[in-house]
Amino acid sequence: MGEQGKKIVALDIAQLLNLLNKALADEWLAYYQYWIGAQVVEGRLGSIVQKELEEHAEEELKHAKMLVKRIIELGGSPVNHPKQWIEIANCRYDAPNDVSVEAILKQNISGERCAIAVYQKLLDFTHTKDPITYDMALEILKEEVEHEEDLENLLIP
Ligand code: FE
Ligand code: FE
Ligand code: MG
C-alpha cells in the first residue's frame, strides 16, 4: 500500500493486524468445517444440505483471501501454519462427529453466530478509522448473516 494509503489508517496497526489474523484463522476453520461436513453429511435432504455447505465453504475461502490481501497491504504477515488456526481463532472448531443433517447444521449455525460477532467487532474497531478494512469487514459480515439465515432455513423441516 502506498504512503497516503497507509497514513489514512488511524489505528494501532499491530492491533488491527492481530484482529485480521484471528479472523483469518476463523475463516480457515470455518472453511474446513463446512468442507468436511459436506463430505460426511447423511440423512434426509442430505444432498441439498451438502450443496449449501459446499457453497459456504467456498465463500469462507474467499473471505480468507480478502483478509490475507488486507493483511499484506497493511504490511503484516498472514498466519502461515495450520497449528496457529486453532491457537488464535476466535471461534471454536466443531468436528462433525455426528454426521446427521441436524447436528451439522447446528454446529455451523453456531459458527456463523460467532463469525457475525467477530466482524461486528472489527467494524466497531475500524469505524471512521480505516475505511478500507471497514468496507471489507462489512462485505464479509453481509455473507455471514446470509449464511446463518440459509442454515436456519434448512434446519426448519
Ligand atoms: Fe467467513
Ligand atoms: Fe460464514
Ligand atoms: Mg448460502
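The values are calculated or read from the model by the stated rules, or taken from the named source; none is laboratory data. Worth saying up front: this structure is predicted, and the values here are computed from it rather than measured. Cβ: placed from backbone, ideal geometry, glycine included. Neighbour counts: every protein chain shown. For the accessible areas, the whole protein counts, side chains as well, though only heavy atoms, and no ligand, DNA or RNA atoms are used. Shrake-Rupley method; radii C 1.70, N 1.55, O 1.52, S 1.80 Å.
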Within the stretch 119-134, residues in a helix (DSSP H, G or I) and crowded, with 21+ Cβ neighbours inside 10 Å come out as 119, 122, 126, 133
Only unsatisfied item for residue 114, checking (1) more than 16 Å from ligand 1 (Cβ to nearest atom); (2) not in a loop (DSSP other than H, G, I, E, B), is (1)
The condition of being open to solvent by less than 30 Å² (accessible area, probe 1.4 Å) and either part of a helix (DSSP H, G or I) or in contact with a strand residue (DSSP E or B) (Cβ under 9 Å, 6 or more places away or on another chain) (or both) holds, among 14, 25, only for 25
Selection from the stretch 28-49 of residues open to solvent by 60 Å² or more (accessible area, probe 1.4 Å), within 16 Å of ligand 3 (Cβ to nearest atom) and assigned to a helix (DSSP H, G or I) yields 35, 47, 48
Per the filter on the stretch 78-91, residues without any contact (Cβ under 8 Å) to a residue 60 or more places away in the chain and surrounded by fewer than 15 Cβ atoms within 10 Å (Cβ to Cβ) are 80, 81, 82, 83
